Amino acid sequence: MLREIADRETAEKARVEVEVGYQGEPGAFGEVAAAAHGGVPRGFASFEKLLEALRDGEVDEAVLPMDNAVVGAITEALEPFAEAVVDGLELVAVAVTSVPVRLSLAARPGTPLAAVRRAWSHPAALRQCTHRLAQMGIERVVCYDTAGAAQIVAHDASTDAAVCSRRAAERYGLEVLEEDVSDKEQNGTRFIHLRMAEHARAQVSLAFLRTSSMTATGRLDVLTGATLLPLAGTAEYPVRMWVLGADAARLQALAPARDVQVISLGQPAAHAAKVTPPKQGTEPVVKSLPHATARKAPTVVEVGPLRIGGGARAVIAGPCSVESREQVLRIAREVAACGATALRGGIFKPRTNPYAFQGHGMEALDWLVDAGKAAGLPVVTEVMAVDQVKPVAGKADVLQIGARNMQNYDLLRAAGRAGRPVLLKRGAGATVDEWLGAAEYVMAAGEERVILCERGIRTFETSTRNTLDIGGMLAARPLTHLPIIADPSHAAGRADLVEGLARAAWSAGADGLIVEVHDDPARALSDAEQALIPARFAELARNLALHPDARLPLAQLRAWVDAIDHDLGVLVQRRLEVARVIGESKRQTGRAVLDPRREAAVRRTYQEALISNKRLADKLVDLLLEAAKAQQSIDE
Ligand code: PEP
Ligand code: MN
């Protein structure tokens, strides 16, 4: 009983308090970072001591300054950090916090500015005000911390000053003589939050890289969009750096030399499949394509419930052709009920055979738009000729440029002037560069909201209509900020392969899908072979974790929830099995099986994932831990 109470108290404490270590005295900038996510800050005299404390479990988390707007890499912190991970300390990066830095010049009350000859501070802070201090004729004196400098000056009877935050100055009773002596306005420092790998999951990609080859890492920042924070070279490793924001496997693959060593601090699992678009604020990735390959935050295309890009994923569904008012309305309702976010439907159809159905034209646009309104979905439809652009843009929400027209430059320009987002299919014979070139035409004409769509390219393979080029889609990802979706229907040309291709593209990190759905494929006027019937689309939507609504028939909603229950059961079973193996591993290596800090980390994971119901998250954790303990035979 007593142990139970003690256990509960430990768990309660761990649940509410995360102790976060930083280097410095109270009032240091690190303290601000440490408190940023509700942590309880605790100061340490050096970065080495801080990392030791994290290793020994004295703190749950540590914050380290990585880079500063004025001086770049903070080598004072990054060197001991590198040494620790090279020595095998298993850390993961869980967050990044930017702290605005205003470096005040502060002295004992009554000290005139003109009397100040020396200023104390941390070397990284002193480097941020080299010019300003030189202008004032003030000599720089190094000490271990900005707030520590304030403390030293406060205890010293001289006219020395400290370079520190206003908070630190006030804390030690100093008077601020100059508000900000940074060499650059809007100074700021980024801190990385670290935890021990066994107690947390990585949320931020961070790796240490070292190599003896001077040329191995030349274009890593351009190719990955990562921030490179270089450290001084050694005889053995002339190139050493921290890389923030790139996947370790990709770094290894891109660095051409064999002796490149990459030590990863974990890869955020949820992002593992996504390749991040290029870093912001510098030249475009491809100079001749300044719009499509600009280095900017991911473009998010937004029309009503349709949101694509920057983490928002969309599923556009509907018939190949709009065949009648009733047909499109029925299908619109079906796909909306499954959680689709936009409705597709062709009114002008590019057909290989000139005698095949060519689409019902402008009349069908009204049927499509009305169906969209009734189902609450924005509509996407293809334009094939310049003179169709204006009338269609008057009513449709998104203009599609088909694969056959990807290099119809007049059409691209006209679509770019129409004031509507453009869904740009990749031509069946177009390279990734040509596809981006086509997007550049649309953007140069004025439309920034372009959605790229991989729909299969022509290869020697005849068992599918086209070959879905997931490799090309992934290759385009680091080159552009535009959302990229996949069209498994036109790639496969056969309904039986659509779900597999859709799931492959989704797992590879596509920003969305466009899927053809028909409720009577046998009678469809175009692309009959590749249409999913609504029930199969519902299955796909369930697999993609879309959100159904109450219009879906009850039997289907039940099937949806049954599938989730089954998956949950299987996952719980797997969790118990892995927990049992962990118990075995701990016993074999002589480590304690019970670990309250680890339990607290599990609890946090569930609370983060089950954000809408923290009580349920807690109950689930209690049940799981109880079951795991029973399995690990701790209770008897
Ligand atoms: C379509 O989406 O109906 C279509 C004709 O696609 P694609 O241009 O990719 O062949
Ligand atoms: Mn089609």
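Rounded, prolate or oblate: which fits segment 27-77 when a ≥ b ≥ c are the square roots of the eigenvalues of the alpha-carbon gyration tensor, with rounded for a/c under 1.5 and prolate only if a/b beats b/c? It is oblate, given that a/c is not under 1.5 and a/b is not larger than b/c. Segment 296-362 and segment 527-562 have Cα centres lying 17 Å from one another.
For segment 418-566, the alpha-carbon coordinates run over 49, 33, 30 Å along the three principal axes, in decreasing order. Near ALA82, once Lys and Arg are set to +1 and Asp and Glu to -1 for all other residues with Cβ below 9 Å from its Cβ, the sum equals 0.
Rounded to the nearest 10 degrees, the inclination of helix 432-444 to the longest alpha-carbon principal axis of the chain is 90 degrees. Applying the criteria of a DSSP loop state and at most 15 other Cβ atoms within 10 Å to the trypsin sites (Lys or Arg not before Pro) of segment 469-573 yields ARG494, ARG551. Ordering CYS453, CYS164 by the number of other Cβ atoms within 10 Å of each residue's own Cβ, fewest first, gives CYS453, CYS164. Shown for ASP56, ASP511, ASP520, ASP183: other C-beta atoms within 10 Å of each C-beta, ranked fewest to most, produce the order ASP56, ASP520, ASP183, ASP511. Take the alpha-carbon centre of segment 106-176, take the same for segment 612-627, and report the distance between them in whole Å. When both Cα centres are located, 51 Å separates them.
For the chain, DSSP calls about 55 percent of its internal beta bridges antiparallel. Couplings 3J(HN,Hα) of segment 324-341, computed from phi: 7, 4, 5, 4, 6, 5, 4, 5, 4, 5, 4, 6, 5, 5, 7, x, 4, 10 Hz, in residue order, whole Hz [Karplus 6.51 cos²θ - 1.76 cosθ + 1.60, θ = phi - 60°; x for Gly and Pro]. Over the chain, DSSP H runs of length four or greater, each weighted -39,500 (n - 2.57), average out per residue to a 222 nm ellipticity of -11500 deg cm²/dmol. Working from label points 7 Å from Cα in the Cα-to-Cβ sense, the THR462 to GLU434 distance is 2.3 nm.
Extension gain for ALA627 to ALA312 (0.36 nm times residue separation, less C-alpha to C-alpha distance): 109.8 nm. Please compute the net charge surrounding TRP367, taking Lys and Arg as +1 and Asp and Glu as -1 over other residues with Cβ under 14 Å from its Cβ. That works out to +1.
Note on LEU554 and THR97: the extension gain reaches 159.9 nm, defined as 0.36 nm multiplied by sequence separation minus the Cα-Cα distance.
In segment 402-534, Cα pairs under 8 Å separated by at least six residues give a relative contact order of 18 percent.
Distant-in-sequence amide contacts of GLY188, defined by a placed amide H-H separation under 5 Å and a gap of 5 or more residues or a different chain, comprise ALA69, VAL70, VAL101. Could you tell me whether segment 280-419 comes out rounded, prolate or oblate from its Cα gyration tensor? Rule is a ≥ b ≥ c as square roots of the eigenvalues, rounded for a/c under 1.5, then prolate if a/b exceeds b/c, otherwise oblate. Note, shape of segment 280-419 comes out oblate. To the nearest 10 degrees, how steep is helix 596-609 against the longest Cα principal axis of the chain, on a 0 to 90 scale? Taking the Cα atoms of the chain, the angle to 596-609 is about 40 degrees. Which longest run of the chain has no exposed loop site in it, a site being chymotrypsin sites (Phe, Trp or Tyr not before Pro) in a DSSP loop with at most 12 other beta carbons within 10 Å, and the site itself not part of the run? Result, exposed sites excluded: 1-354. Shape class for segment 7-137, computed from the alpha carbon gyration tensor (a ≥ b ≥ c): prolate, with a/c not under 1.5 and a/b above b/c.
Taking 0.36 nm per residue of separation and subtracting the Cα-Cα distance, full extension of the segment from GLU302 to GLU448 would add 51.4 nm. In a DSSP loop and with at most 14 other Cβ atoms within 10 Å, the GluC sites (Glu not before Pro) in segment 444-477 are GLU461. Note on the chain: percent of Cα-Cα distances in each 20 Å bin, starting at 0 and stopping at the bin with the largest distance, equals 17, 39, 33, 11, 1.
What's the local net charge at LYS349, with K and R +1, D and E -1, over the other residues with C-beta under 12 Å away?
Values: positive: ARG351, ARG404; negative: GLU323, GLU382, ASP527.
Local charge sum for LYS349: -1.
Bridgeable aspartates and glutamates around LYS287 (alpha carbons under 18 Å apart, same-chain partners fewer than 8 residues away excluded): ASP221, ASP433, GLU434, GLU440, GLU448.
For LYS349, a cut-off of 12 angstrom between C-alpha atoms picks up these aspartates and glutamates, skipping any fewer than 8 places away in its own chain: GLU323, GLU382, ASP527. Here segment 368-444 and segment 29-99 have alpha carbon centers that stand 49 Å from each other. Angle of helix 534-543 to the longest C-alpha principal axis of the chain, folded into 0 to 90 degrees and rounded to 10: 10°. For ARG42, the amide hydrogen comes within under 5 Å of the amide hydrogens of VAL20, GLY21, TYR22, counting only partners 5 or more places away or on other chains and with H modelled in the peptide plane. Straight-line reach from LYS184: taking Cα to Cα under 18 Å and skipping same-chain neighbours fewer than 8 places apart, the aspartates and glutamates in range are ASP67.
Every number here is computed from the coordinates shown, using simple stated rules; none is lab data. Keep in mind it's a predicted model, so treat the numbers as computed, not measured. Because the Cβ atoms are built from the backbone with ideal geometry, glycine has one as well, and the counts that use them run over all protein chains shown.
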